[in-house]
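S.K.: First the structure, which I've put down as structure tokens, then a few questions once you've had a look.
The values are calculated or read from the model by the stated rules, or taken from the named source; none is laboratory data. What you see is a predicted model, and the numbers here were worked out from it, not measured in a lab. Cβ placement follows ideal geometry from the backbone for every residue including glycine, while neighbour counts extend to all protein chains displayed.
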Amino acid sequence: MPFPPGLVDGYTLADLTRWLLLGALVVLLSLVAVRISARSGLPTMLLYLGIGLAFGDGGAGIAFDNAALTQVLGYAALILILAEGGLTTPWNGIRRAVFPAIVLSTVGVFVSIGVVAVACHLVLGLTWPMALLMGAILSSTDAAAVFSVLRDVPLPTRLRGILEAESGFNDAPVVIITTAFALQLVENDAPDPAWQLALLALVELGVGAVVGIAIGWLGGKGVRLLARGASGIFAIGVIAVPVLGYAVAATVHASGFIAAYLAALVLGNMRLPHRAAVNGFVQALGTIAQVGLFFLLGLLASPSRLPVEAWPALLIGLVLLVVARPLSVAASLTPFRVPWRDQLFVSWAGLRGAVPVVLATVPATLGATGTRWIFDFVFVLVLIYTVVQGPSLPWVARKLGVVESVTQVPLEVETTALDRMNAEVVMVSIGPDSKLAGVEVFELRLPPGANVTLVLREGGSFVPELETRLRTGDELLIVSPSDAVEAVHERLVAVSRAGRLAGWVPDPSEPPSRADRAKAKARRIAHKAGSVLPPHSS
């Protein structure tokens, strides 16, 4: 059964029926893949790729080799995936991580490109232009993989923010750099000087960022006025805003990907109504985009060509994993005093996924000769190292001690009353190492207006009293004013780390602030002078 190269004249209802049948089968198989992923720990992207391979020329026999269509549809899917990431990422979760993530998405990318390029030149014998192209293609972490895997790992807010923001930011510069390097390999195309490429990338990123922020803010105001009463059309209007951001930025030759992500990020943090309907819709679109994208990439890959790339991909992937990624993380995050354990986890959590595989189609579509093998090489590399990294992330986080013993999850409750009261509901799970166990409800000292309304314990539930003592494994439902949710989270984390005395004693897991260091210095000076200050005097 041949795969149509595109939307062409002469397409009939019979063709539509066949492709609807195929699409429905793929979606249903994807539901099975989600169940398998939950039980095995394998990332769903691997199973989606497997479905594509099973339907391709090495399985059911669907012949598909249209790299240009794959790139176009891949870009469309990435827009929706980035939109989902931006719309569902709370600003308070990434606020302190924005600047480290920006450096990691720029300086870190250049470090990674350089190290991988040297390895490709020395190990594979590639020319420098081809080696630099390979480094650029492999330098981007994948938003779909990172967003999906991190949902199951209870990380501290700043660490999760760095990974989420990096995966949202770094697609844009990598797409620009990859396209620029690929154009250098096109015959009869004079290479541009490096400084010109760097300047072009900065301008495109800057303009794209301005466009995205402006459209996100204006779009939020617009959809709130136009479609406030109907949750269905409101959700459609919300997803149209980041798509508009991409289109406007691309029209003026700026970075559409950074515009789409920032427009979604601004829009998702504007306290829009119908939050549950919007998030459900964008998550469904993001999932469909992931399924379609990975299925298409699996179709494009040919199992008969992949084995020959296994050893080269294994070697370059090893350099990427144990040299390039750690160096890029160290160069980017050390100036921000990110602890070494956090840096190690960020290094290991730099998952590659659909983005490098989609970018591997760029050289061929631009007409660069001798680059068809790049797709197979990148496909095998991503396949191997996703199997290694993805399932091991929870274990690595525990071994490095970067997991939180208490996790807070926003509950998307679609009620007009909550919207009118400007309130939110969050669920808190008490882990085995949390010092929340043994604390009574009144000792939480939550911000004004926030209350523990329900405790789920051992399969049952009850409304707690102020003297109710919390236990390991309890799940709490907390209703809080929207503007106090961040303070609720910070208070729960503090009590989880230090117990009921949190706030009265320093948190040993947090580095001392500048004020704390100044107080400690004053105490040392006073001690030498024979007049010791109280331990916590201000």
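S.K.: Could you tell me whether Thr287 is within 20 Å of Leu133 (Cβ to Cβ) and of a type in the set (Ser, Thr, Tyr)? Before the answer, list the steps.
M.R.: Working: within 20 Å of Leu133 (Cβ to Cβ): no; of a type in the set (Ser, Thr, Tyr): yes.
So Thr287 fails the test.
S.K.: So, one more: Within the range 322-365, can you find the residues that are touching a Gly at 6+ places or on another chain (Cβ under 8 Å) and surrounded by fewer than 19 Cβ atoms within 10 Å (Cβ to Cβ)?
M.R.: Selection gives Ala331, Arg341.
S.K.: Please tell me if Leu25 is modelled with pLDDT of 90 or more and either outside any helix (DSSP H, G or I) or in the same structural domain as Pro156 (by TED's automatic domain parsing) (or both). Outline the logic, then answer.
M.R.: Values: modelled with pLDDT of 90 or more: yes; either outside any helix (DSSP H, G or I) or in the same structural domain as Pro156 (by TED's automatic domain parsing) (or both): yes.
Yes; evaluated as a whole, the condition is true for this residue.
S.K.: If you take just the helices (runs of 4 or more DSSP H) that sit entirely in the range 254-372, which of them hold at least 3 residues that are more than 28 Å from Gly50 (Cβ to Cβ) and in contact (Cβ under 8 Å) with a residue 24 or more places away in the chain? Steps first, answer last, please.
M.R.: Details: elements: 256-268, 275-300, 310-319, 325-333, 340-348, 354-359, 362-366.
Qualifying helices (runs of 4 or more DSSP H): 256-268, 275-300, 325-333, 340-348.
S.K.: Another one. Quickly run through the range 200-224 and pick out the residues that are of a type outside the set (A, V, I, L, M, F, W, C) and over 17 Å from Leu87 (Cα atoms). Please lay out each step first, then the result.
M.R.: Going through the range 200-224, the residues of a type outside the set (A, V, I, L, M, F, W, C) turn out to be 204, 206, 208, 212, 216, 219-222, 224.
Of everything in the range 200-224, those that are of a type outside the set (A, V, I, L, M, F, W, C) and over 17 Å from Leu87 (Cα atoms) turn out to be Glu204, Gly206, Gly208.
S.K.: Just checking, how many residues over the range 37-48 are at pLDDT 85 or above and among the hydrophobic types (A, V, I, L, M, F, W, C)? Walk me through how you get there before you give the answer.
M.R.: Initially, the range 37-48 is screened for residues at pLDDT 85 or above, giving 47-48.
Now drop any that are not among the hydrophobic types (A, V, I, L, M, F, W, C), which leaves 47.
Summing the residues that are at pLDDT 85 or above and among the hydrophobic types (A, V, I, L, M, F, W, C) in the range 37-48 gives 1.
S.K.: Taking into account only those residues within the range 229-246 that are more than 22 Å from the chain's Cα centre (by Cα), without any contact (Cβ under 8 Å) to a residue 40 or more places away in the chain and in a helix (DSSP H, G or I), which is nearest to Val210 (Cα to Cα)?
M.R.: Gly237
S.K.: Right, here's the next one. Tell me which residues, restricted to the range 393-404, are touching a Phe, Trp or Tyr at 6+ places or on another chain (Cβ under 8 Å) and modelled with pLDDT of 85 or more. Spell out the reasoning first.
M.R.: In the first step, residues of the range 393-404 are kept if they are touching a Phe, Trp or Tyr at 6+ places or on another chain (Cβ under 8 Å); the result is 393, 396-397, 400, 402.
Within the range 393-404, Val396, Ala397, Leu400, Val402 qualify.
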